[in-house]
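The values are calculated or read from the model by the stated rules, or taken from the named source; none is laboratory data. All values derive from a computational prediction rather than experimental measurement. Every residue, glycine as well, gets a Cβ built from its backbone with ideal geometry; the counts of neighbours run over all protein chains shown.
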């Protein structure tokens, strides 16, 4: 399976449905879909996922969203994509990537740590602004856990 991480310059809204798999609040996704670097995760001509990356400052980028269609999870698409993003942004002169995930996202916390991310900070009550409460693993998403990794 040949995975390609392809920049999306036009028709960004076409990836909204996929991005909402990882961030279910359309108002939150709307804040970054038009300003982030947006990439489609493709195998052949099929879009199987998407990711959005924001430039935080001259040294850091933030992985704002990464989503893979449910039928294709667990096949290495997200890991490959993030490794590709490490290389891409390092070549552009960035030295750090950060990612945030909910306190309830136990699988995400494990996944990011396996990729070398480490706990950095917590934004208490981050998810209280979401229109609908989010529950994962029988835990309500309340706080945003920020992890960082040198690239």
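When only residues in region 60-94 that are out of contact with any strand residue (DSSP E or B) (no Cβ under 6 Å at 6 or more places or on another chain) and part of a loop (DSSP other than H, G, I, E, B) count, which is farthest from residue 15 (Cα to Cα)?
If we filter region 60-94 for residues that are out of contact with any strand residue (DSSP E or B) (no Cβ under 6 Å at 6 or more places or on another chain), which is where we start, we get 70-71, 73-76, 79, 82-83, 85-88, 90-93.
Subsequent filtering for residues that are part of a loop (DSSP other than H, G, I, E, B) retains 73-76, 92-93.
On the way: 73: 17, 74: 20, 75: 20, 76: 20, 92: 24, 93: 27 Å.
Residue satisfying both the conditions and the ranking: 93.
Any residue at all in region 128-143 that is crowded, with 17+ Cβ neighbours inside 10 Å, in contact with a strand residue (DSSP E or B) (Cβ under 9 Å, 6 or more places away or on another chain), touching a residue at least 24 places away in the same chain (Cβ under 8 Å) and not in a loop (DSSP other than H, G, I, E, B)? Scanning region 128-143 turns up no residue that is crowded, with 17+ Cβ neighbours inside 10 Å, in contact with a strand residue (DSSP E or B) (Cβ under 9 Å, 6 or more places away or on another chain), touching a residue at least 24 places away in the same chain (Cβ under 8 Å) and not in a loop (DSSP other than H, G, I, E, B).
Tallying residues that are surrounded by fewer than 22 Cβ atoms within 10 Å (Cβ to Cβ) and closer than 15 Å to residue 76 by Cα within region 41-55 yields 4. For region 94-103, the criterion of being over 14 Å from the mean Cα position of the chain (by Cα) and within 17 Å of residue 145 (Cβ to Cβ) is met by at least one residue.
Counting the residues of region 5-45 that are more than 21 Å from residue 62 (Cβ to Cβ) and in contact with a helix residue (DSSP H, G or I) (Cβ under 9 Å, 6 or more places away or on another chain) gives 1.
Conditions (1) surrounded by 12 or more Cβ atoms within 10 Å (Cβ to Cβ); (2) modelled with pLDDT of 95 or more, marked per residue:
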site: 28; (1), (2): yes, no
site: 70; (1), (2): no, yes
site: 79; (1), (2): yes, yes
site: 86; (1), (2): yes, yes
site: 117; (1), (2): yes, yes
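Filtered by the rule that a residue be touching a residue at least 40 places away in the same chain (Cβ under 8 Å) and in a helix (DSSP H, G or I), region 26-58 gives 27, 28.
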